[in-house]
1. Quick one: dipole size for region 294-387, taken about the Cα centre, charges +1 on Lys/Arg Cβ and -1 on Asp/Glu Cβ, in debye to the nearest 20.
2. If you take the charge dipole of the chain about its Cα centre, with +1 on Lys and Arg Cβ and -1 on Asp and Glu Cβ, which of 256, 233, 425 is farthest toward its positive end?
3. Taking every pair of alpha-carbon atoms in region 2-112, what share in percent sits in each 5 Å bin, from 0 to the bin with the longest distance?
4. Going through region 226-301, which GluC sites (Glu not before Pro) have at most 14 other Cβ atoms within 10 Å and a DSSP loop state?
5. With only Lys, Arg, Asp and Glu charged, each at its Cβ (+1 for the first two, -1 for the last two), find how big the charge dipole of region 2-112 is about the Cα centre; round to the nearest 20 debye.
6. To the nearest 20 debye, what is the magnitude of the charge dipole of the chain about its Cα centre, counting +1 on the Cβ of each Lys and Arg and -1 on the Cβ of each Asp and Glu?
7. Find how many whole Å separate the alpha carbon centroid of region 118-153 from the alpha carbon centroid of region 338-403.
8. Using the Karplus equation 6.51 cos²θ - 1.76 cosθ + 1.60 (θ = phi - 60°), what ³J(HN,Hα) coupling, rounded to whole Hz, does each residue of region 226-242 give in order, writing x for Gly and Pro?
Amino acid sequence: MNVELEELSACRRKLNIEIPVEVITAEMDDAVDAYKQNVAIPGFRPGKAPKHLVMSRYKKEIIGRLRDHLLPKSYHEALQENNLKVINIIEMDEEIEIEEGKALAYSVVVDVYPEITLPEYKGIELSRDRDEVKDTEVDDRIESLREQRADFEDVEDRPISRGDMAQIDFTGTLEGTPLEEAIPEAKGLGEGKDFWLQASDEAFIPELGLGLAGLSSGDKETIITTFDDTFVVEQLRGKEVSFAVEVKAIRARKLPELDEEFFKSLGVENEKEFRKQIEDSLEAEKDRAADGKLREIIETYLLGKTSFELPESLVSSTTQQQIQQIAGEMQRNGIAEDKLMEQKDELLATAKTKAERQVQLRLILQQIAEKEEIQISDSEFKREMTMMAYAYSMQPDELERTLKENNQLDDLRGDIVCRKVIQLIQDEAVIDGKTKSAEINEEDS
């Protein structure tokens, strides 16, 4: 077999492959021999029909099978001969036909893994920036838990304060026209009776909620509201609406006391144990945040110490994934499709920048994994699958089937291997002047 290799770019190669006529003839002869054992031709016992008769009658099928056999075989032999590690097949001759008495020639364009000169990644010096837990943070977390478990009680002797719930009747108008008449899509927002609304920016219409503060039961007031650019009803965005409001009742938030009943509901004995539990939780959060920053530092270090051209097809496919993710996040934040189209150039540029960083980092980590012989065991993969399934409220088998259908199983394995590489670098690093082994010895002593 003759193979001519062309370098189209740093990561793109063209293989011109030619299978000599004598190989084609021999392979075709073997194919006919194999085929005639399994076909029935009138007048001949199985396997005894002349080759020329078998070939004449089943030429199309034989050549088709021969083509399906020779193309992948010759392609993989060409890769091995030239020591190529392929990422993607970019292009291949469309019509590749085998003809008797002729050599078979075809071309394939592929993207290959780049050559990467790895930086020193063991024993690098790092600094772990970890915030300490403050008493005020513990107090804030306790208040947040109290607010989550708060009740509301009727109030009659004072105006509405921020955070109160107010029962109101309201009618909305846009430039003097009833709101739902002016904007049919605003159904349910035009008027309401005995409607409970929180007097805060957490209300479904924040300005309306905030505008209730200071009003008393029985008061009537017109509250002007301008809907922001992220409001769920697109047609209302940027519109100024007048709401005629009548306050009918007020309920104040009543926080639970830090007493025995409250502590018991949370599974602790007393306030000291409760604060310790909150503090431990915050300490764990600080540790996770510090580890996250450390991983970012390691990634930035690896990216800054390497320079190589990236495979075009890999950057292109990853860019498309990034576009879908960014666009999805923007839509979930209430940005309309027409706004996305207005920002498409900026969106594409952002996606490509992220994709290039992601591809570069993954290729570096993959090469380190190969050098360090880091792999993922079946038990590790199953554990990861179980944790992911739990997060998505799915059964592990169901999640695995979904990932397999979307060709994402290898991506998940790759993600796990890359995390193990980052962990290896972190374990081998000198962090704030200490190695992990030194820290372990200190803990043991």
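1. The dipole magnitude comes to about 160 debye.
2. Of the listed residues, the answer is 425.
3. Pairs per bin, as whole percents: 2, 11, 21, 18, 13, 12, 9, 6, 5, 2, 1, 0, 0.
4. 257, 269
5. Here region 2-112 has a charge dipole of around 720 debye.
6. So the magnitude is around 2100 debye.
7. After rounding, the separation between the Cα centres reads 26 Å.
8. Result, rounded to whole Hz: 10, 6, 7, 6, 10, 4, 4, 8, 4, 5, 8, 4, x, 7, 9, 10, 9.
Rule-based calculations on the coordinates, nothing more; no lab input. Just so we're clear, the structure is a prediction, and the values are computed from it rather than from any experiment. With ideal geometry, Cβ positions are generated from the backbone for all residues, glycine too; neighbour counts draw on all protein chains shown.
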